[in-house]
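Scroll down for the structure; my scribbles are underneath it.
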Amino acid sequence: MLSFSNVFYEIALIMAIATVVGGLALRLRQPLIMAFIVVGIVVGPAGINLVESSEQVELFAELGIALLLFVVGLKLDPHEIQAVGPVAITTGIGQIIITGGLGYLIALALGLNVTSAFYIGIALTFSSTIITVKLFSDQREIDALHGRIALGVLIVQDIVVVLVMIALSAFTGNHQQGFGEALLMVLFKGSCFLICVVLITRYLLPNLLHTLARSTELLLIFAISWAVALASVGDALGFSQEVGAFVAGVALASTPYRTDLGARLVSLRDFLLLFFFINLGVHIDITHFASQLFPALVLSMFVLLGKPLMVMVLVGVMGYRKYTSVITSLSLSQISEFSLILATLGVSLGHINDEVLGLITLVGIITMGVSTYMIIYSHHLYEILSPYLSWVDTLSPHRKKRLGELTVTEIANVDVILFGLGRYGGSLLRNLSQQGLKVLGVDFDPELVRFWRREGVLAFYGDAEDPEFAATLPLNAAKWVVSTLPRQRTGLALLRTLKHRHFQGRVALTSHSPQEREILQEAGTDLVLLPFQDAAQEAARTLAELSLNKSEAK
């Protein structure tokens, strides 16, 4: 056993070990959450028993959780919640109900008691925001359709987990009261708390934030103080520190400073969360791991296979094609950091013991580790699974209008077939239309298709990677087939279909890197669009012209 008389030396060594193990995790392309839990086990009683200053570590852990919930609250601007869309709400709520119910039954079948099975069922429903957003950002897919849907589902899950924590914290300790009396007390305290926060947010915060914003450092200090203060109030009222911090974040979510604050707090949040996961690892009794391995594997298989299947079905029912359904579902195939937080809360409330916490943590380690590779190689997995998942495209209760319904006149007048009607594709569509060209737009996002139809555009629901759909296009009439979808694999699949169908026109595909551009050109693409480079060149040309005109005017 190592021993330090100075807590500073102890924390320094823990951080050094965390850095080394974290670096190894990155080499293995694993999330740092797992690395930090392992560090906790190594420095805890099961390892070298380094942690003597447990109170300091727990304090950092509590601050990390408070900031995590505060940042989550910052992202929940009420106006943006409305933009999450029906698919995120339906999928999020539906998946929580189904996963929670089945997880509860599986836990009961494994011999756990009702309360433990309830916590396990709830823990299995949530997916990791940190892992999913990080990997999608690294792969530049956070703005893709499946990325937006997954992010929307995660927001719904975050809201639900906060509500669950409120309920568990509020009703604990009211055993002497009837349920009705306890419910009234919770509603009374919660209403008073929210009314006070709303009044402060409405009449005090705007002017105060405007004054503090003159110094970004002071604004950041105020935000942290505000989060910790409301976390303390929430804890004093019996709603837990996490709930108070979440409300503090929501209070600032509609201010113009939320984006800057969120960006500045991320690093501090991640640093303090290091101590939460280390503290979690310290308190795990690995002597139970051998007996928990079988139930952990059963529950992990349910999360890795059953949970994605539910998401896939729900997204398919909402009218999205199998590509979007599959990639979205693979990104949610793990349990969340909030699952571990919820389990820790259950231990502190006396609802579950450390063995159940250890079981949930073991499931977290397994699912987070495996799902990381599932997300990284999701497109390869899709290619393998695609032939067996055609049934997903039959799930929608209402079929979209197909190209077969086009009139002969509409088909004859089409000059350009444009795949991808997002920001870049939509701008391109408008400019082509202004040039007098007749454009047929195709996208696999039903919401975008409906939007463009309302704009009077010939827009249809379809997938560029589906050879059968692409074969129904009016290829004999079109002079150009253009794809604004940035994925190289999508472009090559579309190019192969067009060659197979002997398309006589020209093809333009989109790329975000010079390496992909060369691959697309070698495959026979007539034109490779580079959105970022083209926009930069256009901006430079405009600036140069304005500068020249200004010089001539002088």
Non-local amide H neighbours of VAL482 (under 5 Å, H modeled in plane, Pro and chain starts lacking H): which ones?
-> ILE417, LEU418, PHE419, ALA508
How much FRET efficiency would the formula 1/(1 + (r/R0)^6) give for LEU59 and ASN413, where r is the Cβ-Cβ distance and R0 is 60 Å, rounded to 0.05?
-> 0.30
Taking N as the number of residues in region 7-390, what value does Rg over Cα atoms divided by 2.2 N^0.38 Å take?
-> 0.98
Fewest Cβ neighbours within 10 Å first, please rank VAL87, VAL528, VAL266 accordingly.
-> VAL266, VAL528, VAL87
Say R0 is 35 Å: what FRET efficiency, to the nearest 0.05, do LYS134 and ILE48 get from their beta-carbon distance?
-> 0.75
In nm, the gap between the two label points placed 7 Å beyond Cα toward Cβ at VAL20 and SER427 is 5.0
Which residues' amide hydrogens lie under 5 Å from the amide hydrogen of LEU50, considering only partners 5 or more residues apart or on another chain, with H built in the peptide plane?
-> GLY44
Label point distance in nm, ALA523-VAL298, each placed 7 Å from Cα along Cα→Cβ | 4.6
If we sort 416-424, 116-124 on the protection proxy, mean other Cβ atoms within 10 Å, highest first, what's the order?
-> 116-124, 416-424
Highest average packing first - 319-329, 16-26, Cβ atoms within 10 Å | 319-329, 16-26
Between LEU268 and LEU437, the FRET efficiency computed from the C-beta separation at R0 = 56 Å comes out, to the nearest 0.05, as 0.65
Would you calculate the separation in nanometres between label points at ASN353 and GLN515, each defined as 7 Å from the Cα along the Cα-to-beta-carbon direction?
-> 5.2
Rounded to the nearest 10 degrees, the helix 423-434 long axis (Cα) sits at an angle to the longest Cα principal axis of the chain of 20
Could you tell me how many degrees, from 0 to 90 and to the nearest 10, lie between the Cα long axis of helix 145-171 and the main elongation axis, the longest principal axis, of the Cα atoms of the chain?
-> 20
Between LEU50, PRO206, MET312, whose Cα lies farthest towards the positive end of the dipole of the chain when Lys and Arg beta carbons carry +1 and Asp and Glu beta carbons carry -1, centred on the Cα centre?
-> MET312
Over 31 Å between Cα atoms, which of LYS75/LYS307; LYS189/LYS307; LYS75/LYS438; LYS134/LYS438 qualify?
-> LYS189/LYS307; LYS75/LYS438; LYS134/LYS438
Per residue of the chain, what 222 nm ellipticity follows from adding -39500 (n - 2.57) for every DSSP H run with n ≥ 4, rounded to the nearest 500?
-> -22000 deg cm²/dmol
Each residue of region 21-36 in turn: what ³J(HN,Hα) in whole Hz from Karplus with 6.51, -1.76, 1.60 and θ = phi - 60°, glycine and Pro shown as x?
-> 5, x, x, 5, 4, 5, 5, 8, 6, 10, x, 5, 3, 5, 4, 6
Arranged from highest to lowest average of other beta-carbon atoms within 10 Å per residue, in what order do the peptides 302-311, 236-245, 506-515 appear?
-> 236-245, 302-311, 506-515
Would you mind checking which residues have amide H under 5 Å from LEU458's amide H? H placed 1.01 Å from N; only 5 or more apart, or other chain.
-> GLY441
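Only the coordinates and a few stated rules stand behind these numbers; no lab work does. Remember, predicted model here, so these are calculated numbers, not experimental data. Every residue, glycine as well, gets a Cβ built from its backbone with ideal geometry; the counts of neighbours run over all protein chains shown.
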